[in-house]
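*Asks:* Pasting a structure below so you can have a look.
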Amino acid sequence: MIKKIDHIGIAVSSIENSLPFYTNILNLQLEGIEVVESEQVKVAFLKIGESKLELLEPLSTESSIASFIEKRGEGIHHIALGVNSIEERISEIKANGIKMLQDEPKLGAGGAKIAFMHPKTTGRVLLELCEKTSKEEIR
């Protein structure tokens, strides 16, 4: 069902201010920065082994990342689990009593299909299902 930890999302107030720690101190490779308009965030991907860290900067006060930072401060926002057949995984998870924030996958960063499980049904951990095409997995 789950292939790997695809990435760990980290909420930050400023990618520009946060990047030097990850690139200069931890020596992680920056793979790219992009804007996801639908989520009102800018994201930066950093390679770490077979997984990635995803820095998430809110682009507006309406962004869920802005709300997260306001309530909890900067820090780990979610863990993304790499899956095949995301629609099937959503059905299986719902059949086991786990509530989804999205009943259908939506388009996320890098063109991946994503859907989040409600943290009230996952032990207060925001978990994301993430299905990528082989092109996106190379990234």
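The values are calculated or read from the model by the stated rules, or taken from the named source; none is laboratory data. All figures in this text were calculated on a predicted structure; none of them were measured in a lab. Please note: Cβ atoms are built from the backbone with ideal geometry, for glycine as well, and neighbour counts cover all protein chains shown.
*Asks:* How many residues are within 10 Å of the chain's Cα centre (by Cα) and farther than 21 Å from Leu53 by Cα if we restrict to region 97-110? Working first, answer last.
*Replies:* Here is the first cut: in region 97-110, the ones within 10 Å of the chain's Cα centre (by Cα) are 108-109.
Add one more test, that the residue is farther than 21 Å from Leu53 by Cα, and what stays is none.
So the answer is 0.
*Asks:* Would a scan of region 43-52 turn up a residue that is in contact (Cβ under 8 Å) with a residue 60 or more places away in the chain and under 16 Å from the mean Cα position of the chain (by Cα)?
*Replies:* The initial filter retains those residues of region 43-52 that are in contact (Cβ under 8 Å) with a residue 60 or more places away in the chain, namely 43, 45.
This time we only want the ones that are under 16 Å from the mean Cα position of the chain (by Cα), so: 43, 45.
Scanning region 43-52, I find at least one residue that is in contact (Cβ under 8 Å) with a residue 60 or more places away in the chain and under 16 Å from the mean Cα position of the chain (by Cα), so the answer is yes.
*Asks:* Tell me, yes or no, whether region 99-108 has at least one residue that is of a type in the set (A, V, I, L, M) and touching a residue at least 40 places away in the same chain (Cβ under 8 Å). Explain how you work it out, then say what you get.
*Replies:* Step one: of region 99-108, the residues of a type in the set (A, V, I, L, M) are 100-101, 107.
From what is left, the residues that are touching a residue at least 40 places away in the same chain (Cβ under 8 Å) are 107.
Checking region 99-108: at least one residue is of a type in the set (A, V, I, L, M) and touching a residue at least 40 places away in the same chain (Cβ under 8 Å).
*Asks:* For Lys113, indicate whether it is closer than 27 Å to Ser18 by Cα and either charged (D, E, K, R) or more than 11 Å from the chain's Cα centre (by Cα) (or both). Talk me through it step by step, then tell me what you get.
*Replies:* Details: closer than 27 Å to Ser18 by Cα: yes; either charged (D, E, K, R) or more than 11 Å from the chain's Cα centre (by Cα) (or both): yes.
Yes: the conditions hold for Lys113.
*Asks:* Of all residues being outside any strand (DSSP E or B) and touching a strand residue (DSSP E or B) at 6+ places or on another chain (Cβ under 9 Å) in region 31-44, which is surrounded by the most Cβ atoms within 10 Å (Cβ to Cβ)? Just the residue, please.
*Replies:* Glu39
*Asks:* Considering every residue within region 77-84, establish whether at least one is among the small types (Gly, Ala, Ser), at pLDDT below 95 and either outside any helix (DSSP H, G or I) or surrounded by 12 or more Cβ atoms within 10 Å (Cβ to Cβ) (or both). Let's see the steps before the verdict.
*Replies:* So in region 77-84, the residues among the small types (Gly, Ala, Ser) come out as 80, 82.
From what is left, the residues that are at pLDDT below 95 are none.
Among the residues of region 77-84, not one is among the small types (Gly, Ala, Ser), at pLDDT below 95 and either outside any helix (DSSP H, G or I) or surrounded by 12 or more Cβ atoms within 10 Å (Cβ to Cβ) (or both), which makes the answer no.
*Asks:* If Ile25 passes every condition in (1) out of contact with any strand residue (DSSP E or B) (no Cβ under 9 Å at 6 or more places or on another chain); (2) surrounded by 13 or more Cβ atoms within 10 Å (Cβ to Cβ) but one, which one does it miss?
*Replies:* (2)
*Asks:* If we scan region 12-30, do we find a residue that is assigned to a strand (DSSP E or B), under 15 Å from the mean Cα position of the chain (by Cα) and more than 18 Å from Lys113 (Cα to Cα)?
*Replies:* Within region 12-30, the subset assigned to a strand (DSSP E or B) is 29-30.
Still in the running and under 15 Å from the mean Cα position of the chain (by Cα): none.
No - not one qualifying residue is present in region 12-30.
*Asks:* Test of understanding: among Glu92, Glu104, which residue is out of contact with any Leu (no Cβ under 9 Å at 6 or more places or on another chain), assigned to a loop (DSSP other than H, G, I, E, B) and not aliphatic (A, V, I, L, M)? Let's see the steps before the verdict.
*Replies:* On the way: Glu92 fails: assigned to a loop (DSSP other than H, G, I, E, B).
The match here is Glu104.
*Asks:* Look at Ile2 and say whether it is in contact (Cβ under 8 Å) with a residue 24 or more places away in the chain and in contact with a Gly (Cβ under 9 Å, 6 or more places away or on another chain). Please lay out each step first, then the result.
*Replies:* Values: in contact (Cβ under 8 Å) with a residue 24 or more places away in the chain: yes; in contact with a Gly (Cβ under 9 Å, 6 or more places away or on another chain): yes.
Yes, satisfied.
*Asks:* Say we look at region 88-123 and pick out the residues that are of a type in the set (Asp, Glu) and closer than 26 Å to Val35 by Cβ; which of these is modelled with the highest pLDDT?
*Replies:* Taking region 88-123 as the starting set, the residues that turn out to be of a type in the set (Asp, Glu) are 88, 92, 103-104.
Now narrow it down to the ones that are closer than 26 Å to Val35 by Cβ: 103-104.
Details: Asp103: 90, Glu104: 94.
Here the answer is Glu104.
*Asks:* Here are the criteria: (1) part of a strand (DSSP E or B); (2) modelled with pLDDT under 95. Tell me which single one Gly9 does not satisfy.
*Replies:* Of (1) part of a strand (DSSP E or B); (2) modelled with pLDDT under 95, only one is false for Gly9: (2).
*Asks:* Sticking with this one: With the structure loaded, tell me whether Ile98 is surrounded by fewer than 18 Cβ atoms within 10 Å (Cβ to Cβ) and of a type in the set (Val, Ile, Thr) or whether it fails that test.
*Replies:* Numbers: surrounded by fewer than 18 Cβ atoms within 10 Å (Cβ to Cβ): yes; of a type in the set (Val, Ile, Thr): yes.
So Ile98 passes the test.
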